[in-house]
Amino acid sequence: MNILLLESHHWPEVEKIYLEGIETGDATFETSSPGWEKWNDSHVQHSRWVAEVDGKIAGWVALSPVSDRCVYGGVAETSVYISEAYRGQGIGKALLMKGIESSEENGIWTLNAATFPENKGSINLHLKCGFREIGIREKIGQQNGVWRDTVLMERRSDKF
């Protein structure tokens, strides 16, 4: 496995993996792909990585700012998506750890993750990578007319 910077030419494969996540119903509130330009604009420019296995993109990690207020400049939310064909092989952990390392190199002191409680794989992945559960956001949003909760997780860097 190679971990490479996520670049625009990776988008078709990144988008395909994102759509697989959407189809599960337990990865995101989103119902469609935002397209490259909107996705690119909504994620920080650093700490974007893809995992390549046998020449194919197996997963990706990226960070989104939690606020545009300068006081929150060192806080970001994680997104980690693994292709259905590559789940359970340690790719998510490798990507998330690379994202953590890169985020700290770029001044991020707190990473957040908001995960549906049903997404045990994502919750366990974040716990393995040093996140802790800090609460449940009850009925935070609707998906297909159904109120959904999210588990809020946080990882504080010990570098700051």
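The values are calculated or read from the model by the stated rules, or taken from the named source; none is laboratory data. Predicted model only: the values in this text are computed from it and were never measured. Cβ: placed from backbone, ideal geometry, glycine included. Neighbour counts: every protein chain shown.
Brief remarks follow.
- Test: I123 is surrounded by 15 or more Cβ atoms within 10 Å (Cβ to Cβ) and over 17 Å from G21 (Cα atoms): no
- Looking only at segment 113-160, residues that are in a strand (DSSP E or B) and of a type outside the set (F, W, Y) come to 25 in all.
- Subset of segment 9-38 (residues that are loosely packed, with under 12 Cβ neighbours inside 10 Å and among the charged types (D, E, K, R)): E23, E37, K38
- Being assigned to a helix (DSSP H, G or I) and not hydroxyl-bearing (S, T, Y) is a property that V71 has.
- Those residues of segment 110-160 which are among the small types (G, A, S) and without any contact (Cβ under 8 Å) to a residue 24 or more places away in the chain, in sequence order: G135, G145
- Residues of segment 131-151 satisfying the condition of being within 17 Å of the chain's Cα centre (by Cα) and surrounded by 16 or more Cβ atoms within 10 Å (Cβ to Cβ): F131, T150, V151
- Those residues of segment 85-134 which are at pLDDT below 95 and within 20 Å of K159 (Cα to Cα), in sequence order: none
- Residues in segment 56-91 that are farther than 24 Å from I108 by Cα and in contact with a helix residue (DSSP H, G or I) (Cβ under 6 Å, 6 or more places away or on another chain) were compared, and the one that is surrounded by the most Cβ atoms within 10 Å (Cβ to Cβ) is A58.
- Once segment 38-68 is narrowed to residues that are in a loop (DSSP other than H, G, I, E, B) and of a type in the set (D, E), the residue that is modelled with the lowest pLDDT is D68.
- Only residues that are small (G, A, S) and without any contact (Cβ under 8 Å) to a residue 40 or more places away in the chain were counted in segment 27-76, giving 9.
- Among the residues making up segment 85-140, those that are within 15 Å of A62 (Cβ to Cβ) and in contact with a Cys (Cβ under 7 Å, 6 or more places away or on another chain) are L96, M97, I100.
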